[in-house]
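Notes follow the structure.
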Amino acid sequence: ETDIAIFSLHAVKNVTTAEGGAICLNLPAPFDNAELYKELRMMSLNCQTKDAFSKSKAGGWRYDIVGLGMKINMADVNAAIGLAQIREYPELLKERKKVFNTYSKGFADCDWAVLPPSVDGEKESSYHIYALRIKGFTEEQRDHMIDEIAKSEVAVNVHFIPMPMLSFFNSLGYDIKDYPQAYENFKGEISLPIYPQLDEEQLSFIIKTVKSAYDKVTGDK
């Protein structure tokens with residue numbers, strides 16, 4: 001349990017509303033969860049005291065603006081998508097886990113592959129990302145390998161660029177040299193596609209493509 005949990009429900013997430021997110025409140029006394037929920041809803045609607053549904057009721061048209069808010073409320077159609085996803089989530093998670101385990105089995109014989117863990121005691125991965133790491137690779141070699149993978153039209157990613165390497169945070173004085181472990185994790189990382197619709201044939205092709213790309217980058221035959 002936690003006091004506040006914030007979820008991204010972007011299109012690539014395990015549960016999606018196409019775009020948007022959710023805030024879950026479970027604050028202890030003396031906090032009033034109902035009041036905070038009401039305040040957050042109002043802030044998401046330009047600090048309007050009434051939403052469109054409330055204003056549509058007979059005689060309920062009058063509203064007020066009581067602060068400086070934002071227009072970031074979730075549309076009903078997006079919420080409907082999310083509710084349907086939540087109902088299907090046990091099956092979606094099962095399929096994600098199957099993809100994850102297929103990758104781990106496919107790269108188990110590669111001494112250059114650092115496989116991501118999935119279970120640690122009572123904790124288990126959400127299987128959102130398959131973060132493959134290439135042992136001993138430089139950032140340049142990793143990028144070269146991604147280019148080779150792309151030639152086969154397999155879309156891979158990198159999670160994530162360390163914040164000190166991003167222009168805004170670098171301009172604030174953060175230096176990646178002060179975060180060697182973050183850079184070590186980043187420089188050889190390649191995130192492989194992981195979503196429920198991937199079938200065995202596609203997974204086999206991805207695994208073969210990644211192995212071939214490694215061979216090309218390192219010159220192995």
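The values are calculated or read from the model by the stated rules, or taken from the named source; none is laboratory data. None of the values given here were measured: they were computed from a predicted structure. Here the Cβ is made from the backbone with ideal geometry for all residues, glycine too, and neighbour counts use every protein chain on show. Ligands, DNA and RNA are stripped out before the accessible areas are found, and what is left, the full protein with its side chains, is counted by its heavy atoms. Shrake-Rupley method; radii C 1.70, N 1.55, O 1.52, S 1.80 Å.
Criterion first (assigned by the TED database to the domain that holds residue 190, surrounded by 12 or more Cβ atoms within 10 Å (Cβ to Cβ), touching a residue at least 40 places away in the same chain (Cβ under 8 Å) and under 18 Å from the mean Cα position of the chain (by Cα)) does residue 99 satisfy it? Talk me through it step by step, then tell me what you get.
Numbers: assigned by the TED database to the domain that holds residue 190: yes; surrounded by 12 or more Cβ atoms within 10 Å (Cβ to Cβ): yes; touching a residue at least 40 places away in the same chain (Cβ under 8 Å): yes; under 18 Å from the mean Cα position of the chain (by Cα): yes.
Here the answer is yes, as residue 99 does meet what is asked.
Out of all the residues in the range 1-49, which are farther than 30 Å from residue 130 by Cβ and aliphatic (A, V, I, L, M)?
If we filter the range 1-49 for residues that are farther than 30 Å from residue 130 by Cβ, which is where we start, we get 3, 25-49.
Selection gives 25, 27, 29, 34, 36, 40, 42, 43, 45.
When you scan the range 43-62, how many residues do you find that are open to solvent by 50 Å² or more (accessible area, probe 1.4 Å) and either within 29 Å of the chain's Cα centre (by Cα) or of a type in the set (Gly, Ala, Ser) (or both)? Before the answer, list the steps.
Kept after step one, since they are open to solvent by 50 Å² or more (accessible area, probe 1.4 Å), are these residues of the range 43-62: 43, 46, 49-50, 52-53, 55-59, 61-62.
With either within 29 Å of the chain's Cα centre (by Cα) or of a type in the set (Gly, Ala, Ser) (or both) added as a condition, the list becomes 43, 46, 52, 56, 58-59.
Going through the range 43-62 one residue at a time, the tally reaches 6.
Limited to the range 130-155, what total is found for residues that are basic (Lys, Arg), crowded, with 17+ Cβ neighbours inside 10 Å and not in a helix (DSSP H, G or I)? Steps first, please.
To start, the set of residues in the range 130-155 that are basic (Lys, Arg) comprises 133, 135, 142, 151.
Filter once more, keeping what is crowded, with 17+ Cβ neighbours inside 10 Å: 133, 142.
Filter again for not in a helix (DSSP H, G or I), leaving 133.
Residues meeting the conditions: 1.
Got at least one residue in the range 112-129 being assigned by the TED database to the domain that holds residue 206, closer than 20 Å to residue 206 by Cβ, open to solvent by 90 Å² or more (accessible area, probe 1.4 Å) and over 21 Å from the mean Cα position of the chain (by Cα)?
no
Please verify whether the range 106-120 includes one or more residues that are out of contact with any helix residue (DSSP H, G or I) (no Cβ under 8 Å at 6 or more places or on another chain) and part of a helix (DSSP H, G or I).
No, that holds for no residue.
Per-residue answers, yes or no, for (1) at pLDDT below 95; (2) farther than 28 Å from residue 186 by Cβ:
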position	(1), (2)
28	no, yes
32	no, yes
56	yes, yes
117	no, no
129	no, no
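State yes or no: is residue 31 open to solvent by 80 Å² or more (accessible area, probe 1.4 Å), in a loop (DSSP other than H, G, I, E, B) and outside the structural domain of residue 95 (by the TED database)?
On the way: open to solvent by 80 Å² or more (accessible area, probe 1.4 Å): yes; in a loop (DSSP other than H, G, I, E, B): yes; outside the structural domain of residue 95 (by the TED database): yes.
Considered against the rule, which asks whether it is open to solvent by 80 Å² or more (accessible area, probe 1.4 Å), in a loop (DSSP other than H, G, I, E, B) and outside the structural domain of residue 95 (by the TED database), residue 31 comes out as yes.
Would you check if residue 68 is open to solvent by 90 Å² or more (accessible area, probe 1.4 Å), within 24 Å of the chain's Cα centre (by Cα) and not assigned by the TED database to the domain that holds residue 128?
On the way: open to solvent by 90 Å² or more (accessible area, probe 1.4 Å): yes; within 24 Å of the chain's Cα centre (by Cα): no; not assigned by the TED database to the domain that holds residue 128: yes.
Judged against the criteria, residue 68 is not a match.
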